Structures are given as C-alpha cells and as structure tokens.
1. How large are Rg and Dmax for the chain when calculated on the C-alpha trace, in angstrom?
2. Which value in nm describes the separation of the simple spin-label points at Glu38 and Arg161, placed 7 Å from the Cα toward the beta carbon?
3. In whole angstrom, note down how far apart the Cα centers of the stretch 1-74 and the stretch 91-163 are.
4. Treat the count of other C-beta atoms within 10 Å as a stand-in for reagent exposure and order Glu34, Glu102 from fewest to most.
5. Could you work out [θ]222 nm for the chain from helices alone, using -39500 (n - 2.57) per DSSP H run of at least four and dividing by all its residues? Round to the nearest 500 deg cm²/dmol.
6. Normalized C-alpha radius of gyration of the stretch 32-94, against 2.2 N^0.38 Å?
7. Taking a Cβ-Cβ separation under 4.7 Å as the criterion for a possible partner, which cysteines of the chain have none?
8. Select from Asp168, Asp100, Asp24 the residue whose mean-square fluctuation is largest in a Gaussian network model of the chain (Cα-Cα springs shorter than 10 Å).
Amino acid sequence: MELAYYSDYAVRLVNTEEPARNKDCLTSVEAVRELFGEASQMARRATDADVTRFRSVRARLRAVFAAADAGDQRQAVDLLNSLLLEFPVSPQISGHDHLDDEGRPRWHMHLADHPSNATAGYAAIAAMGLAFHLTEFGADRLGLCQAAPCRNAYLDTSTNRSRRYCSDRCATRANVAAYRARKRLETERSASTGRTAETSQESTTPTDR
C-alpha cells in the first residue's frame with residue numbers, strides 16, 4: 001500500500017460533516033467503522049467513545065484544508081505538524097500479501113496500526129497521508145469546494161492545478177449558477193440601457209408651446 005493512498009483517510013473524515021448545511025454523518029460507532037474501509041482490524045477497535053474523539057480530529061484536519069485553501073501554507077503546515085506530533089506513525093515495510101508474477105513480494109511502505117485506540121490509529125494514518133501529499137505535490141493541492149454551501153475537502157491531482165470543486169456534480173452546479181448570474185446581469189444591463197435611452201429621448205423632444 002503506497003503512502004499516497006492514506007491521504008484519502010483525511011478527506012473521508014473531513015467530509016463526514018457539512019457545516020454550512022448543519023449536516024453531520026459522524027453520529028455512531030458504525031459510522032466511525034465505515035471510515036476505515038478495508039482496514040477492518042482497526043475498525044473493530046472502535047467504540048462509542050471514538051465518535052467524540054473522531055469529531056475533534058476532524059475539526060483539526062478541516063482547519064488544515066481551510067488554511068491551505070486560503071493560501072496560508074505555513075499555517076496549514078503548522079496545524080498538520082501538531083497532528084503528526086500527537087499521533088505518530090509506525091512505518092513498516094510490507095509485501096507478504098502482494099506477490100509479483102514470479103511469486104516474490106512486492107515490497108512497499110505500510111503504516112502500522114496504532115495500538116492505543118481507533119481514533120489514534122486513524123488520525124496517525126490520515127495526518128501522515130496528508131503530510132505526504134502536501135510535501136510531494138504542494139500545499140495548494142489541498143482545497144475546499146468552491147460550490148457554496150458545499151465546502152467539502154478535496155485533493156487536487158489535476159495536471160494544471162485547476163481543481164476548485166470536490167466533484168463533477170458541484171462543478172456543474174457552480175457553472176450553472178454562474179451562467180444564470182451572467183444572464184441576469186445581461187438582462188438587467190439591457191433593461192437599464194433601454195430606460196436610459198428612453199429618458200434621453202424624452203429630454204430631447206421639443207415641448208409644446
């Protein structure tokens with residue numbers, strides 16, 4: 001499993017909440033366990049107490065994305081470093097479950113499970129994955145969706161660093177909204193121009209004596 005894979009842990013956790021819509025999907029231990037995906041062994045350690053702990057980590061990860069999205073790279077790095085210090089990882093070389101065509105292990109870096117609790121394990125992986133993505137591709141590759149009121153987190157993997165939305169759906173919605181706004185502005189300008197022309201014509205019409 002490559003380290004780039006782990007950055008998605010941060011995105012998944014942050015996007016369990018939509019603050020502008022007062023929507024929160026992280027309300028049960030089952031929701032916590034679903035975040036782990038294939039890491040079922042770690043998920044089994046989750047308890048009801050992890051719901052509150054996960055929400056705390058989520059807020060801190062969102063702050064990293066928010067700082068990066070606002071262009072404050074130093075703040076984003078400082079916030080991420082604080083998470084890395086609090087939730088250290090245990091890197092290991094793995095490969096016994098991935099063999100090549102000749103039956104030899106495909107060695108790769110793996111982040112070992114944190115032994116204390118489910119939150120610590122998940123936070124360590126999410127923070128390390130996000131740190132890897134930031135240092136490899138740049139802090140400006142971390143963003144929050146520009147299609148209000150969404151504000152979901154995303155990782156920009158586009159070749160020209162042009163991504164501004166978390167999904168095609170939000171991009172389409174934003175483009176439609178922008179198109180409608182332009183049409184309204186054109187209509188208002190046309191109406192305003194018409195009224196100005198009428199006023200000008202009336203002012204130049206000779207008055208009856």
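1. Gyration radius and largest Cα-Cα distance of the chain: 25.3, 107 Å.
2. Here the answer is 3.2 nm between the modelled labels.
3. 13 Å
4. Details: Glu34 15, Glu102 5.
Lowest to highest Cβ neighbour count: Glu102, Glu34.
5. Helices in the chain give a 222 nm mean residue ellipticity of -18500 deg cm²/dmol.
6. On the way: Rg = 14.1 Å, N = 63, 2.2 N^0.38 = 10.6 Å.
Compactness ratio reported: 1.33.
7. Cys25, Cys170
8. Asp100
Bear in mind that the values in this text are calculations on the coordinates, not laboratory data. This is a predicted model, so every value here is computed, not measured. Virtual Cβ from ideal backbone geometry, glycine too; neighbours counted across all protein chains shown.
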